[in-house]
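To start, the structure itself, in structure tokens.
The values are calculated or read from the model by the stated rules, or taken from the named source; none is laboratory data. Since the structure is predicted, the reported quantities are computational estimates derived from the model, not experimental observations. Cβ coordinates were reconstructed from backbone atoms using ideal geometry, including for glycine residues, and neighbour counts include every protein chain displayed.
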Amino acid sequence: MSEYWLISIPGDKTPAQAFETLNNATSKQNTLSTNYKLPIPDLKVGTLDQLVGLSDDLQKLDQYVEGVTRKVANYLKDVLEDQRDKLAENLLANNVDLAHYVTHYQWDAAKYPLKLSLRNLSEIIAKQAGQIDADLKVKSSHYNNLKGSLQNLEKKQTGSLITRNLADIVKKEHFVLDSEYLVTLVVVVPKANFHDWEGKYEKLTDMVVPRSGRLIFQDQDHGLFTVTLFRKVADEFKHHCRENRFVVREFTYNEEELAAGKNEITKLATDKKKQFGPLVRWLKVNFSECFTAWMHVKALRVFVESVLRYGLPVNFQAVLMFPNKKSIKRLREVLNNLYQHLDSSVGSGSKYSDMDMPGLVFGQSEYFPYVYYKVDIDMVEQAKL
């Protein structure tokens, strides 16, 4: 289970006592959850109107930064390809795994100075995430184009004889070259039609060189034949081939062009390999940047909502809870019993779909008497693994 609950409860006499009460009810006496204090520094409160407006904006920022974080994580998974078993060791925050980071979270005052207003802090994070999002689009587009071109060429090396590259199949001795009058054509024939081809190809038109048909390669479905004829009947020969389900490949033997095709695959493979390492490093670094920024947005939301809920002076305890998967319903009941006095009308967790409750709900599907946010640290779409 990768889901944590980030809640905030009134500090009562002291935040430490509030945490102890919660911990006794959910962790020590009952194995409902494992709890961690989440330290939030003394931030600048501002006015009530500013907090109400900021609360709505922070919800949108929360969704945006989480979305960018997940995009970076999923693209890293795509880039790793057959090394996806190493994904977890690359998805780190401040060089530690995500569970360790969230359970030992500390505000980064160097990136997000405490002297700034809440609005300024949110704008710094928004700009940071926006830049990463924009850079990801550019880098992924370039790498995907390179990867796609390489895959298309590789498919032509191994696909059906009707479409695949013939450079590794044909040889110079299969063709009559530098002749003013004769030309060698390459024809794909279904295996079921081999006998039909052998009986017909010399008669499809006049001026076909007798016994020039030669099987040079075959796969599970088709055979590749060469046949030599006079140039002036080539179009008529192709027409009759189509009538008999024989596919004439548009192919001219040219050693320089064939070598260039092979070199193109080598070049693309080399370019992809060169870009792989730097791209993975960029994704790792910026995943960490995004994830840590996202947790700071969560901290900002907890601070703002706690002030709106519990009032001034600031006195609350933020707690990161790791619920026991088998006891989630019971955990909710215990929390509601502990804090229903804060708002008896929603003691059991009421759902609000059409109500706008500034400073309290802001689009959440559930409202509890305590501040609550979900933190899901599973950053990768498992269905695609």
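Note on the stretch 148-175: among residues that are basic (Lys, Arg) and out of contact with any Lys or Arg (no Cβ under 6 Å at 6 or more places or on another chain), the one that is farthest from Glu81 (Cα to Cα) is Lys172.
Residues of the stretch 172-202 being touching a helix residue (DSSP H, G or I) at 6+ places or on another chain (Cβ under 9 Å) and of a type in the set (D, E, K, R), which ones? Scanning the stretch 172-202 gives Lys172, Glu180, Lys200. Hey, any hits in the stretch 251-261 for a residue that's touching a strand residue (DSSP E or B) at 6+ places or on another chain (Cβ under 7 Å), of a type outside the set (Lys, Arg) and crowded, with 19+ Cβ neighbours inside 10 Å? No - not one qualifying residue is present in the stretch 251-261. Give the stretch 243-270 a look and list any residue that's acidic (Asp, Glu) and touching a residue at least 40 places away in the same chain (Cβ under 8 Å), or say none. Result: Glu255, Glu264. Taken together, Ser55, Ser8, Ser33 contain a single residue that is on the phi < 0 side of the Ramachandran plot, surrounded by 20 or more Cβ atoms within 10 Å (Cβ to Cβ) and in contact with a Gly (Cβ under 7 Å, 6 or more places away or on another chain), which is Ser55.
Within the stretch 32-50, at least one residue is assigned by TED's automatic domain parsing to the domain that holds Gly311, part of a helix (DSSP H, G or I), closer than 22 Å to Ala293 by Cβ and at pLDDT below 95.
Any residue at all in the stretch 114-134 that is in a helix (DSSP H, G or I) and over 41 Å from the mean Cα position of the chain (by Cα)? No, every residue in the stretch 114-134 fails to be in a helix (DSSP H, G or I) and over 41 Å from the mean Cα position of the chain (by Cα). Condition check for Thr205 on (1) over 15 Å from Phe251 (Cβ atoms); (2) surrounded by fewer than 15 Cβ atoms within 10 Å (Cβ to Cβ): one failure, at (2). Do you know which of the residues in the stretch 88-120 that are among the small types (Gly, Ala, Ser) and at pLDDT 95 or above is nearest to Leu283 (Cα to Cα)? Here the residue is Ala93.
Of the residues screened, Phe322 is not one that is farther than 30 Å from Ile162 by Cα, among the aromatic types (Phe, Trp, Tyr) and surrounded by 22 or more Cβ atoms within 10 Å (Cβ to Cβ).
Is it the case that the stretch 70-79 has a residue that's among the acidic types (Asp, Glu), in the same structural domain as Asp376 (by TED's automatic domain parsing), in a helix (DSSP H, G or I) and under 20 Å from Phe322 (Cβ atoms)? Looking for residues that are among the acidic types (Asp, Glu), in the same structural domain as Asp376 (by TED's automatic domain parsing), in a helix (DSSP H, G or I) and under 20 Å from Phe322 (Cβ atoms), one finds none in the stretch 70-79, hence no.
Of all residues in the stretch 152-197, those that are of a type in the set (Asp, Glu) and modelled with pLDDT of 95 or more total 1.
Out of all the residues in the stretch 287-303, is one or more more than 21 Å from Ile377 (Cα to Cα), in the same structural domain as Val72 (by TED's automatic domain parsing), touching a residue at least 40 places away in the same chain (Cβ under 8 Å) and surrounded by fewer than 22 Cβ atoms within 10 Å (Cβ to Cβ)? So far as the stretch 287-303 goes, no, none of its residues is more than 21 Å from Ile377 (Cα to Cα), in the same structural domain as Val72 (by TED's automatic domain parsing), touching a residue at least 40 places away in the same chain (Cβ under 8 Å) and surrounded by fewer than 22 Cβ atoms within 10 Å (Cβ to Cβ).
Residues checked against (1) of a type outside the set (A, V, I, L, M, F, W, C); (2) surrounded by 13 or more Cβ atoms within 10 Å (Cβ to Cβ):
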residue: Lys115; (1), (2): yes, no
residue: Arg119; (1), (2): yes, yes
residue: Gln128; (1), (2): yes, yes
residue: Lys155; (1), (2): yes, yes
residue: Thr158; (1), (2): yes, no
residue: Thr163; (1), (2): yes, no
residue: Lys171; (1), (2): yes, no
residue: Val176; (1), (2): no, yes
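Cβ-Cβ contacts under 9 Å between residues 6 or more apart (or on different chains), taken from a first residue in the stretch 1-22 that is aliphatic (A, V, I, L, M) and part of a strand (DSSP E or B) to a second residue that is surrounded by fewer than 18 Cβ atoms within 10 Å (Cβ to Cβ) and at pLDDT below 90, are listed as Ile9/Leu342.
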